[in-house]
Amino acid sequence: MKIGVLALQGAVEEHLDAIRKIGAEGIQIKSKEQLEEIDGLILPGGESTAMRKLIDFHEMMPALQAFDKPILGTCAGVILLADHVESNETHIGGLKVWVRRNSFGRQIDSFSAPLEIVGFTSSYEAVFIRAPQMDEVGEDVEILASYNGRIVLVRQGNKIGCAFHPELTEDLRIMQMLKEMILQSKLAHPSNVL
Ligand code: GLN
C-alpha cells in the first residue's frame with residue numbers, strides 16, 4: 001500500500017514515519033503526476049495559505065481536486081479540504097465542512113487533550129497546534145469527535161478531516177482508520193490495486 005504525503009510544506013517527515021509504522025509505504029508528493037501512483041493521500045499540518053500558494057505554483061490544484069481515493073487532511077490539511085473557510089477562499093474543497101482557522105489560539109496555546117472518538121474503545125490523546133475547528137458540517141458528514149463543543153474529527157465517504165496532529169503521537173488509530181479506508185476502496189475498485 002502506497003500512501004502519499006503532500007510534501008510542499010509542513011509536517012511531512014512525521015507522517016512518513018507514522019505511515020511506516022502502520023506497514024505502508026510513504027511517498028513524498030511534489031508533483032501532480034505522482035498522485036497517480038498512490039492508494040491514498042495525506043494533506044499534512046503546516047500553514048494552509050503557504051501550502052495553497054505552493055499547490056498553485058506547482059500547478060497541482062486540478063489533480064488534487066480530481067483525486068478520488070482516500071484522503072486524510074490534518075490541521076492545515078483539513079483547511080485545504082474544507083468547502084468553506086472563514087474569511088478565506090476555498091482551496092481544494094470536497095469536504096462539506098465550515099472551518100475556522102486558529103480557533104484554539106496561537107502557537108503558544110498548543111496543547112494535548114483526551115478525546116472520545118466514535119468507534120474507539122478508549123480515549124485518544126490528541127495534539128492541537130494552532131488548530132482549526134469545524135463549525136458546521138454537511139448532512140453526509142459524520143462527526144467522530146468534538147472537543148469542548150468544537151468539532152475536531154469528521155468523516156465523509158473516503159475523506160477524513162482532522163483538526164489535530166495524529167502523526168505526533170504514538171497512538172496510530174487515526175492512521176489505521178485511513179489504512180482501513182484504503183483497503184475498503186481497493187476492494188470496491190479492484191482496478192486500483194497496485
Ligand atoms: N494555523 C494553521 C493554518 O491556518 C494550521 C496549523 C497547523 O497545521 N498546525 O494553516
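Taken together, the values in this text are just the output of simple stated rules run on the coordinates, not laboratory data. In this text the structure is predicted, and so the values were computed from the model without any measurement. Every residue, glycine as well, gets a Cβ built from its backbone with ideal geometry; the counts of neighbours run over all protein chains shown.
The single condition among (1) in contact with a Lys or Arg (Cβ under 6 Å, 6 or more places away or on another chain); (2) surrounded by fewer than 23 Cβ atoms within 10 Å (Cβ to Cβ) that residue 90 does not satisfy is (1).
From (1) over 18 Å from residue 181 (Cα atoms); (2) touching a Leu at 6+ places or on another chain (Cβ under 9 Å); (3) touching a residue at least 60 places away in the same chain (Cβ under 8 Å), pick out the condition that doesn't hold for residue 39. Condition not satisfied by residue 39: (1). Of all the numbered requirements in (1) more than 12 Å from the ligand (Cβ to nearest atom); (2) surrounded by fewer than 21 Cβ atoms within 10 Å (Cβ to Cβ), residue 71 misses one, and that requirement is (2). I want to confirm something. Restricting to segment 15-36 and keeping residues that are touching a residue at least 40 places away in the same chain (Cβ under 8 Å) and in contact with a Gly (Cβ under 9 Å, 6 or more places away or on another chain), which single residue is nearest to the ligand (Cβ to nearest atom)? The selected residue is 15.
Restricting attention to segment 42-52 and to residues that are aliphatic (A, V, I, L, M) and surrounded by 22 or more Cβ atoms within 10 Å (Cβ to Cβ), the residue that is farthest from the ligand (Cβ to nearest atom) turns out to be 42. Restricting 27, 79, 55 to residues that are more than 15 Å from the chain's Cα centre (by Cα) and part of a helix (DSSP H, G or I) narrows the list to 55.
Taken as a whole, the structure places residue 71 among residues that are under 15 Å from residue 44 (Cβ atoms) and of a type in the set (Val, Ile, Thr).
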